[in-house]
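Encoded as structure tokens, the structure appears first; notes follow it.
The values are calculated or read from the model by the stated rules, or taken from the named source; none is laboratory data. In this text, all values refer to a predicted model and were calculated from it rather than measured experimentally. Because the Cβ atoms are built from the backbone with ideal geometry, glycine has one as well, and the counts that use them run over all protein chains shown.
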Amino acid sequence: MNNHFFAYLSKMRWIHRWGMKRNAIQENVMEHSFEVAAIAHCLAIIGKSIYGRDIEPEKIMAAALYHDASEVLTGDLPSPIKYHNRKIRDAYKEVEYAAEQEMLSTLPEALQPIYREFLLHDQQSESTAALIKAADLIASLIKCKAEINAGNREFAKAVSDVEQRLDTMNLKEVVYFREHFLKSFDLTLDELITHSEKLFPDAGR
């Protein structure tokens, strides 16, 4: 029997995000998912190593990797539409849940119990969901600031909206990540390399 799960996942590269805005830099769901997974993994490591939280970074990373997998069936519905009112939000949640169940069904039955907690949002704990949502917002903030740096003012309001949502989450892991990593995204590659050389002047000698 052919199982279509990974064939579906491969289609994520064709789904573009931020469809209601003019984009200077196109972003697809596949690359967004990788970035969210990497950030969620880091947030979980920060939570476990620095703040002593009882969490499993690798499981959170895996769940984050698949957090938008159902969009191969639903497409990416922009947030202004998704959260426009309660009826639309609730209707989309039903569609999203059905799509998640469909994605799960494309795996061999023997693997489905393992993948349930990664693919179905209602199977995730509140703490896992919070870290993945935070990682999703951080990735969105990075994207929005990249657009601003490219001269695209279309994302100016989105930057302030995302920053406000991150602030209201009140997560120490988010504060730590923003303090230690976000400023680097304003640097060019040449500036990043120059900065590294200043930090490690004897490297390579």
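Counting the residues of region 109-145 that are charged (D, E, K, R) and not in a helix (DSSP H, G or I) gives 1. Residues in region 130-159 that are modelled with pLDDT of 95 or more and among the polar types (S, T, N, Q): 2 in all. On inspection, VAL162 fails the criterion of being under 22 Å from TYR51 (Cβ atoms), part of a helix (DSSP H, G or I), modelled with pLDDT of 95 or more and under 18 Å from the mean Cα position of the chain (by Cα).
Selection of first residues in region 168-181 that are farther than 13 Å from ALA40 by Cα and of a type outside the set (Phe, Trp, Tyr) and of second residues that are at pLDDT 95 or above and not in a helix (DSSP H, G or I), restricted to Cβ pairs under 9 Å at least 6 apart or on distinct chains, gives the following pairs, ordered by first then second residue: LYS172/ILE50; LYS172/TYR51. Do we have any residue at all in region 183-197 that's among the basic types (Lys, Arg), at pLDDT below 95 and under 30 Å from ARG53 (Cβ atoms)? Yes - at least one qualifying residue is present in region 183-197.
Scanning region 86-108 for residues that are in contact (Cβ under 8 Å) with a residue 24 or more places away in the chain and either assigned to a helix (DSSP H, G or I) or polar (S, T, N, Q) (or both) yields GLU96, TYR97, ALA99, GLU100, GLU102, MET103, THR106. Could you please let me know if MET103 is of a type outside the set (Val, Ile, Thr) and closer than 30 Å to PHE5 by Cα? Answer is yes for this residue. The test for being in contact (Cβ under 8 Å) with a residue 24 or more places away in the chain and crowded, with 16+ Cβ neighbours inside 10 Å does not hold for ILE148.
Look through region 8-37, keep the residues that are free of Cβ contacts under 8 Å to residues at least 60 places away in the same chain and aliphatic (A, V, I, L, M), and return whichever of them is surrounded by the most Cβ atoms within 10 Å (Cβ to Cβ). Checking each candidate, the answer is VAL29. The set of residues from region 12-44 being over 16 Å from the mean Cα position of the chain (by Cα) and of a type outside the set (Lys, Arg) comprises TRP14, GLY19, MET20, ASN23, ALA24, ILE25. Of the residues making up region 119-132, those that are out of contact with any Asp or Glu (no Cβ under 6 Å at 6 or more places or on another chain), under 21 Å from MET12 (Cβ atoms) and surrounded by fewer than 19 Cβ atoms within 10 Å (Cβ to Cβ) number 2. Take the conditions (1) closer than 23 Å to PHE5 by Cα; (2) modelled with pLDDT of 95 or more; (3) surrounded by fewer than 20 Cβ atoms within 10 Å (Cβ to Cβ); TYR92 misses just one of them, which is (2).
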